[in-house]
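Following: one structure in structure tokens, then a few remarks.
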Amino acid sequence: MDDEMLYKKTAHELKDLLKSKQVSSEEIVKNFYDRIEQVDSKVKAYITLCKDKALDKAREVDKKRVDGQQLSPLAGIPIAVKDNMCTKGIKTTCASKILDNFVPPYNATVIENLYQNDMILLGKLNMDEFAMGSSTENSSHYPTHNPWNLERVPGGSSGGSAAAVAAHEAAFALGSDTGGSIRQPAHYCGVVGMKPTYGSVSRYGLVAFASSLDQIGPLTKDVEDMALALNVITGHDKMDSSSALIDYPDYTDALKQGVKGLKVALPKEYFEQGVQKEIKDKVLQAAKLLEKQGVIIEEVSMDLTQYALPAYYLISSAEASSNLARYDGIKYGYRAKNYDDLLDMYKQTRDEGFGKEVKRRIMLGTYALSSGYYDAYYKKAQQVRTLIKKDFDTLFDTYDCVLTPTGPTTAFKIGEKVDNPIEMYMNDICTVPVNIAGIPALSINCGFDNEGLPIGMQLIGKAFNESMLLRLAYAYEQNRVLDKNQPSL
Ligand code: GLN
């Protein structure tokens, strides 16, 4: 086996090699750490590595395999997770100074799921502080670079997760998506990213940003890996009161189901609002390709789309202002060194511990929730939320899926938008309606712009119908012709 190439493989390819005993998990894990050593000084996807633990675990899984024990399909495969999921004994910083030295005493449920499936955790990935941002420039550590062009952002807030997968620094990764933070970086880095239905992946142990919108999901190299990853992380969890108690399917079944006769809607509003022409063209070409396979494509109108972004920034900031009240210098992480009394300690700690964007959200959210403004802002935003959800429900009476661009532009330059929050927020225009409605959506690469930067298209589905998205994405992936397939790093 040519060792060099292991890190380039998909998780399902590695799974087959492990199963036929052509490689060991230890070899694979070592190969990934070599790769990280080779490229992460340029990409900066990782915040923390846990090499010793990972190698011990890999040897343990290899032993189980040699002993003939029954193993889960992804046993022995190396993954990495965004640094806002609690990992027992491993630092979880949320890319914030305020959690700089926080070592959780417990694992998030998704981490337990990974361990129960004998997967190997390579490390924790960079992100925008508390998942607030669209470029991973709001990290207290350093910005992550886009593997396709190191001067560009990888997107955010799960930019470390997308960059790690695109740069082959993990077989796949987990991110979190409150308003697009899995799908937008997947689009910028040319990988597959899914935000599952709200309630289908446990949020227990995910550091909360906006609890009614947050959802954990995978970023993978291809659609088959996405199905395998969902099999590991979805399911009911009694530790999360919003977790859905339903029967979760085997997502790999969806890959064989075909797409003939499925109906897909193209909402015209998603192709207007300042969407780059090349993005429009590539997404429409992808629609044509699906049409060739028997999918019925129709243009529709969703005229509430324009209200999703303001509603999102009100609701998410309101929830964030409440969730982040817990960081007071007492319970976890950082505490200011110099202060006069208890109140001053809280103030100094929060002033020194939080970055600019986080403070902006806390102020906006506190304002929107304050008496006298609550009805005008928060309540109004919640009413808009109900209408947007209804709009999707009505569409899903007729259509199986909605197809849109994932974002209006391709990856922008590092530093280009840091001083213009409104412009930064505009990146989320195509992704936030999905979180507002609580439904699933997937982004998959559908080509490149003329600077060679990846373009993603977004498939949006009915609640708990992730399988429909996998069916369409898989059919598309099997037939698409791309002019490139990986960054030259
Ligand atoms: N970019 C959006 C924001 O800053 C989305 C973030 C996310 O999904 N975590 O709020």
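The values are calculated or read from the model by the stated rules, or taken from the named source; none is laboratory data. Note that the structure is predicted; figures quoted are calculated from it, not measured. Cβ sites come from the backbone with ideal geometry, for glycine too, and all protein chains shown count toward neighbours. Only protein heavy atoms, including side chains, enter the accessible area calculation; ligands, DNA and RNA are left aside. Shrake-Rupley method; radii C 1.70, N 1.55, O 1.52, S 1.80 Å.
On inspection, Asn101 passes the criterion of being away from the ligand (no atom under 16 Å from the Cβ), farther than 27 Å from Gly438 by Cβ and modelled with pLDDT under 95.
Determine which member of the set Lys268, Lys238, Lys256, Lys282 is more than 20 Å from Asp83 (Cα to Cα) and modelled with pLDDT under 95.
Details: Lys268 fails: modelled with pLDDT under 95; Lys238 fails: modelled with pLDDT under 95; Lys282 fails: modelled with pLDDT under 95.
Step by step, each of Lys268, Lys238, Lys256, Lys282 is checked, and only Lys256 is more than 20 Å from Asp83 (Cα to Cα) and modelled with pLDDT under 95.
Taking the criterion of being under 16 Å from Ser158 (Cβ atoms) and not β-branched (Val, Ile, Thr), the residues of the range 39-54 that qualify are Lys44, Ala45, Tyr46.
Under the condition of being open to solvent by less than 20 Å² (accessible area, probe 1.4 Å), in contact with a helix residue (DSSP H, G or I) (Cβ under 8 Å, 6 or more places away or on another chain) and outside any loop (DSSP other than H, G, I, E, B), the residues counted in the range 314-348 number 7. Any residue at all in the range 58-79 that is within 16 Å of the ligand (Cβ to nearest atom), at pLDDT 95 or above and open to solvent by less than 10 Å² (accessible area, probe 1.4 Å)? No; the residues of the range 58-79 include none that is within 16 Å of the ligand (Cβ to nearest atom), at pLDDT 95 or above and open to solvent by less than 10 Å² (accessible area, probe 1.4 Å).
Would you please name the residue that is nearest to Ala411 (Cα to Cα), looking only at residues in the range 140-165 that are open to solvent by 20 Å² or more (accessible area, probe 1.4 Å) and of a type in the set (Ser, Thr, Tyr)? Checked the range 140-165; the qualifying residue nearest to Ala411 (Cα to Cα) is Tyr142.
Taking the criterion of being assigned to a loop (DSSP other than H, G, I, E, B) and open to solvent by 10 Å² or more (accessible area, probe 1.4 Å), would at least one residue in the range 277-297 satisfy it?
Residues of the range 277-297 that are assigned to a loop (DSSP other than H, G, I, E, B), as a first pass: 293-295.
Right, trim to open to solvent by 10 Å² or more (accessible area, probe 1.4 Å) and you get 293-294.
There is at least one residue in the range 277-297 that is assigned to a loop (DSSP other than H, G, I, E, B) and open to solvent by 10 Å² or more (accessible area, probe 1.4 Å).
Every condition in (1) within 30 Å of Leu150 (Cα to Cα); (2) buried (at least 19 other Cβ atoms within 10 Å of the Cβ) holds for Lys356 except the one numbered (2). Residues of the range 303-322 that are over 12 Å from Leu213 (Cβ atoms) and within 11 Å of the ligand (Cβ to nearest atom): Leu309 alone. I'm checking my understanding of the structure. Among residues of the range 428-450 that are touching a helix residue (DSSP H, G or I) at 6+ places or on another chain (Cβ under 6 Å) and within 14 Å of the ligand (Cβ to nearest atom), which one is modelled with the lowest pLDDT? Among those residues, the one meeting the criterion is Ile429. Checking Phe172, Phe130 one by one, the residue that is in contact (Cβ under 8 Å) with a residue 12 or more places away in the chain, among the aromatic types (Phe, Trp, Tyr), within 16 Å of the ligand (Cβ to nearest atom) and in contact with a helix residue (DSSP H, G or I) (Cβ under 8 Å, 6 or more places away or on another chain) is Phe130 and no other. Contact map, the range 229-243: first residue over 14 Å from Pro196 (Cα atoms), second residue in a loop (DSSP other than H, G, I, E, B) and open to solvent by 20 Å² or more (accessible area, probe 1.4 Å), Cβ cut-off under 6 Å, separation 6 or more or different chains; pairs are Asp237/Tyr204; Met239/Tyr204; Asp240/Arg203; Asp240/Tyr204. Within the range 133-160, the set of residues being within 15 Å of the ligand (Cβ to nearest atom), closer than 22 Å to Met194 by Cβ and part of a loop (DSSP other than H, G, I, E, B) comprises Gly133, Ser134, Ser135, Thr136, Thr144, Val153, Pro154, Gly155, Gly156, Ser157, Ser158.
Tallying residues that are part of a loop (DSSP other than H, G, I, E, B) and more than 11 Å from the ligand (Cβ to nearest atom) within the range 181-206 yields 11.
Of all positions in the range 453-463, at least one carries a residue that is open to solvent by 10 Å² or more (accessible area, probe 1.4 Å) and away from the ligand (no atom under 16 Å from the Cβ). Search the range 185-223 for residues being under 24 Å from His12 (Cα atoms) and touching a Gly at 6+ places or on another chain (Cβ under 6 Å), and hand back the single one that is surrounded by the fewest Cβ atoms within 10 Å (Cβ to Cβ). Among those that are under 24 Å from His12 (Cα atoms) and touching a Gly at 6+ places or on another chain (Cβ under 6 Å), it is Pro196.
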